[in-house]
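Undergrad: Sharing a structure, written as structure tokens. Questions coming.
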Amino acid sequence: MLAFVSLGADGERSFSFYRNPSADMLLRPEDVVYDVIDDKRIFHYGSITMIDEPSHSALLAALQYARDRGLIISYDPNLRLNLWPDAETARAGMISGLDYATVLKVSEEELEFMTGGHDVTPLWRDGMKLIVVTCGAVGSRAYTRSAQAEMPGFAVTAVDTTGAGDGFVAG
């Protein structure tokens, strides 16, 4: 996939993608190298791989393999509407990705897109243990089934927010 990122004066970005076809769309279940998962503790995924076949099936196979080995499974829906056929397909696809997650990182925008509001309750799935909502410069909120916490953001001058969510998940 080839991505072009444009930055606004405030550091916010917009994306344009060239992806038809690209290698990420062509991965098949039989192409997954499962042994690279074996000695890991965390498996992280996003929804973009779920847009098309055969990559969707390859991701599901890898997720099941990771789940069977007891890995923490981290999911970032990563809303990129222009990659999906339409908004309803995107919403359904992103929601279907919740089923394997033990940890969910979702932005406020993604939370509102997926649920129609600001309540994380509809996102909980049986195996999920933690939901984190990132709120840009304001900070983040974390939820378990029995508690929640808020953490304010750090005051910075934004130059480029590209990768902020990825950096948050990595941290």
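The values are calculated or read from the model by the stated rules, or taken from the named source; none is laboratory data. Fair warning: this is a prediction, and the values are worked out from it, not measured in the lab. Positions of Cβ are backbone-derived with ideal geometry, glycine not excepted, and every protein chain shown enters the neighbour counts. These accessible areas exclude ligands, DNA and RNA; they are computed on the full protein's heavy atoms, side chains included. Shrake-Rupley method; radii C 1.70, N 1.55, O 1.52, S 1.80 Å.
Undergrad: Which residue is farthest from A101 (Cα to Cα), if the candidates are limited to segment 50-81 and must be crowded, with 18+ Cβ neighbours inside 10 Å and among the polar types (S, T, N, Q)?
TA: S55
Undergrad: Given the conditions (1) surrounded by 15 or more Cβ atoms within 10 Å (Cβ to Cβ); (2) modelled with pLDDT of 95 or more; (3) in a strand (DSSP E or B), which single one is not true for A149?
TA: With (1) surrounded by 15 or more Cβ atoms within 10 Å (Cβ to Cβ); (2) modelled with pLDDT of 95 or more; (3) in a strand (DSSP E or B) applied to A149, the lone miss is (1).
Undergrad: Hey, any hits in segment 19-27 for a residue that's touching a helix residue (DSSP H, G or I) at 6+ places or on another chain (Cβ under 7 Å), modelled with pLDDT of 95 or more, open to solvent by 40 Å² or more (accessible area, probe 1.4 Å) and over 21 Å from G171 (Cβ atoms)?
TA: The answer is no; no qualifying residue exists.
Undergrad: Output the residues belonging to segment 92-116 that are of a type outside the set (A, V, I, L, M, F, W, C) and open to solvent by 20 Å² or more (accessible area, probe 1.4 Å). Talk me through it step by step, then tell me what you get.
TA: As a first pass, look at segment 92-116 and keep what is of a type outside the set (A, V, I, L, M, F, W, C): 93, 96-97, 99-100, 102, 105, 107-110, 112, 115-116.
S96, D99, Y100, T102, S107, E108, E109, E112, T115, G116, listed by residue number.
Undergrad: Here are A137, A155: which of them is in a loop (DSSP other than H, G, I, E, B) and small (G, A, S)? Explain how you work it out, then say what you get.
TA: Details: A137 fails: in a loop (DSSP other than H, G, I, E, B).
After applying the criteria, what remains is A155.
Undergrad: Give R141, R69 a once-over and let me know the one that is of a type in the set (D, E, K, R) and touching a residue at least 12 places away in the same chain (Cβ under 8 Å). Step through it out loud before you land on a result.
TA: Values: R141 fails: touching a residue at least 12 places away in the same chain (Cβ under 8 Å).
Only one candidate passes the filter, namely R69.
Undergrad: Next question, about the same structure. Check whether at least one residue in segment 49-72 is in a loop (DSSP other than H, G, I, E, B), more than 20 Å from V132 (Cβ to Cβ) and among the acidic types (D, E), and report yes or no. If you could, list the steps in order and put the result at the bottom.
TA: Of all residues in segment 49-72, those in a loop (DSSP other than H, G, I, E, B) come to 51-54, 69-71.
Within this subset, residues satisfying the condition of being more than 20 Å from V132 (Cβ to Cβ) are 51-54, 69-70.
Retained after the next criterion (residues that are among the acidic types (D, E)): 52-53.
Looking for residues that are in a loop (DSSP other than H, G, I, E, B), more than 20 Å from V132 (Cβ to Cβ) and among the acidic types (D, E), one finds at least one in segment 49-72, hence yes.
Undergrad: Quick one: in segment 122-140, which of the residues that are closer than 14 Å to E109 by Cβ and not hydrophobic (A, V, I, L, M, F, W, C) is most open to solvent (accessible area, probe 1.4 Å)?
TA: This residue is G136.
Undergrad: Any residue at all in segment 99-115 that is part of a helix (DSSP H, G or I), at negative phi and among the β-branched types (V, I, T)? Show your work before the answer.
TA: Our first condition is that a residue be part of a helix (DSSP H, G or I); within segment 99-115, this holds for 99-100, 108-115.
Cutting the leftovers down to at negative phi gives us 99-100, 108-115.
Checking which are among the β-branched types (V, I, T) leaves us with 115.
Yes.
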